[in-house]
Amino acid sequence: MNNQRESESTTTNGVQIRQSRRLPDFLHSVNLKHVKLGYHYLITHLLTLCLVPLMAFVIFQAFQLNPSDIHQLWLHLQYNLVSVIICSAFLVFGATVYFMTRSRSLFLVDYACYKPPSNLQVKFEQFMEHSSLTGDFDDSSLEFQRKILERSGLGEETYVPEAMHYIPPRPSMAAAREEAQQVMFGALDVLFANTNIKPKDIGILVVNCSLFNPTPSLSAMIVNKYKLRGNVRSFNLGGMGCSAGVIAVDLAKDMLQVHRNTYAVVVSTENITQNWYFGNKKSMLIPNCLFRVGGSAVLLSNKAKDKRRAKYKLVHVVRTHKGADDKAFKCVYQEQDGAGKTGVSLSKELMAIAGGALKTNITTLGPLVLPVSEQLLFFSTLVAKKLFNAKVKPYIPDFKLAFDHFCIHAGGRAVIDELEKNLQLLPIHVEASRMTLHRFGNTSSSSIWYELAYTEAKERVRRGDRIWQIAFGSGFKCNSAIWEALRHVNPSSNNPWQDCIDRIQDPYSEEVVACNKIYTYNSIPTISFLVSQA
């Protein structure tokens, strides 16, 4: 009898029970995720699997040689001494060129994120009360800001600069300088204390801040405060948006390839004091609701000895710039409204443009990081679609096979939602981004470091893990940085999450659930696309 149809009957308490002995339904019982993972390992290690039998055969043949065979081989080499010398010279020359021209490893020794004092925290009701008392916003703008706050993903513990806590607010050049100094010096003090590096040891300094560029520059402020040496190579990047932190790391990397045996510090921040918008143009009000005080300082090294104590090694930096397209260039645009008040305007096409920039970026990044198995699947579906007009869906590579942790710029809930959906990520992969947005708001270019600090505070980073930092910025730009953990990474002293990580240890705690809450609401006629995504 066919064993798939085989069955037997038993009688229990006078009731006949028919027990099926069918084979299990493998189609539904086998987890396809595990099948795909097995395929991934097979393709990735295919070369090794092919070379092992070859090496075994060579070793077996070598053991079969007798003394006379070895003597004949030696005589053969003696009579071909010129060939041996030429081959040896080529090998030595090639090895010398390789070691002289290969890029030097870049290590991330440590980093620090600025934690503002509690008196700078702003709750929603306080935010709305102050906005109302300024007298600059009409009823429609106030209601607009309230809805943005409620649906933005921000929590009640984010920070705004001291000048914004006064009624009326007191934005001034002096107040903006004070904010910049508090953020930058606060992060640098922690960094120097954690790494025991003297400021005089810093050879390269890169500072990025988009909207506040005084004279002397922010980098000059740091040189003056810490009395950096006279030959320090300092750079000040302005107007480059929320992805400027990755650009600053890329610049530091290039400088460290040229200048041997030195340290580089990258400081990323944004300044709010003089860039608060006091008008009623809806597209300019959104930054008021999202951007908050924050900053980071990162210590990079090209010294081989620092590998032992460093946290990460830089693997790749991929930068994408869509500024040649007029719509992309103006989708995040600083300008004056009809009343002459300056602010940053967000275009309705922002998310579509960000999606295009992301597509270009991951197309470049994919071949560098994705396993061969994923590249073959992507290529095969592309060939089937283009050459054979097959009705197949485009294959979306599984970046979860390439990265262990994701630090997505906390620009807003829409950005995080879209990347989670389009990259087919799990909630745990975007947890750091959502929690950073909830706890600190959009801190611009430094947000990806708060996210990495969150992952470390949860003790999730293990040796060999790969981290993908991805950020979007005006221009329009999409930039990625890939890091590899050199050890099991524990949170450093003064981690910005150390006072609150205990209450969010449970992934289903009230704070995480609130952070991931999906709101339902009616759209607002004015720039409805942005509001519905904010």
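The values are calculated or read from the model by the stated rules, or taken from the named source; none is laboratory data. Here the structure is a predicted model, which is why all the values come from computation and not from measurement. All Cβ positions, glycine included, derive from the backbone under ideal geometry; neighbour counts span all protein chains shown. For accessibility, only protein heavy atoms count, side chains too; no ligands or nucleic acids. Shrake-Rupley method; radii C 1.70, N 1.55, O 1.52, S 1.80 Å.
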Of all residues in region 250-281, how many are open to solvent by less than 30 Å² (accessible area, probe 1.4 Å), part of a helix (DSSP H, G or I) and under 25 Å from Phe212 (Cα atoms)?
-> 3
Qualifying position, being surrounded by 21 or more Cβ atoms within 10 Å (Cβ to Cβ) and in a strand (DSSP E or B), among Ser296, Ser234, Ser210, Ser243 | Ser296
Scanning region 213-229 for residues that are open to solvent by less than 40 Å² (accessible area, probe 1.4 Å) and among the polar types (S, T, N, Q), which turns out farthest from the chain's Cα centre (by Cα)?
-> Ser217
Would you pick out the residues in region 318-339 that are acidic (Asp, Glu) and part of a helix (DSSP H, G or I)?
-> Asp326
Conditions (1) over 14 Å from Gly245 (Cβ atoms); (2) polar (S, T, N, Q); (3) more than 15 Å from the chain's Cα centre (by Cα): number failed by Ser474 = (1)
Which of the residues spanning region 479-496 are of a type in the set (Gly, Ala, Ser) and within 16 Å of Asp250 (Cα to Cα)?
-> Ser480, Ala481
So which residues in region 326-342 are closer than 25 Å to Ala248 by Cβ, of a type outside the set (Ser, Thr, Tyr) and open to solvent by less than 80 Å² (accessible area, probe 1.4 Å), if there are any at all?
-> Ala328, Cys331, Val332
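Quick grid of which residues meet (1) part of a loop (DSSP other than H, G, I, E, B); (2) of a type outside the set (Ser, Thr, Tyr); (3) farther than 18 Å from Leu154 by Cβ:
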position: Ala410; (1), (2), (3): yes, yes, no
position: Ala414; (1), (2), (3): no, yes, no
position: Glu431; (1), (2), (3): no, yes, no
position: Arg434; (1), (2), (3): no, yes, no
position: Ile448; (1), (2), (3): no, yes, no
position: Tyr454; (1), (2), (3): no, no, no
position: Glu459; (1), (2), (3): yes, yes, yes
Would you say Ser301 is small (Gly, Ala, Ser), out of contact with any Phe, Trp or Tyr (no Cβ under 6 Å at 6 or more places or on another chain) and at pLDDT 95 or above?
-> no
Across region 384-399, the tally of residues that are more than 26 Å from Thr443 (Cβ to Cβ) and either assigned to a helix (DSSP H, G or I) or open to solvent by 60 Å² or more (accessible area, probe 1.4 Å) (or both) stands at 10
Given Thr320, Thr363, Thr381, which one is open to solvent by less than 40 Å² (accessible area, probe 1.4 Å) and under 17 Å from the mean Cα position of the chain (by Cα)?
-> Thr320
Residue that is surrounded by the most Cβ atoms within 10 Å (Cβ to Cβ), among those in region 299-317 that are in a helix (DSSP H, G or I) and touching a residue at least 24 places away in the same chain (Cβ under 8 Å) = Asp306
Whichever residue in region 400-416 is in contact (Cβ under 8 Å) with a residue 60 or more places away in the chain and out of contact with any strand residue (DSSP E or B) (no Cβ under 8 Å at 6 or more places or on another chain) and, among such residues, is most open to solvent (accessible area, probe 1.4 Å) = Leu401
So which residues in region 211-250 are without any contact (Cβ under 8 Å) to a residue 60 or more places away in the chain and under 15 Å from Leu299 (Cβ atoms)?
-> Ile222, Tyr226, Leu228, Val232
Within region 184-207, which residues are assigned to a loop (DSSP other than H, G, I, E, B) and either touching a residue at least 12 places away in the same chain (Cβ under 8 Å) or acidic (Asp, Glu) (or both)?
-> Ile197
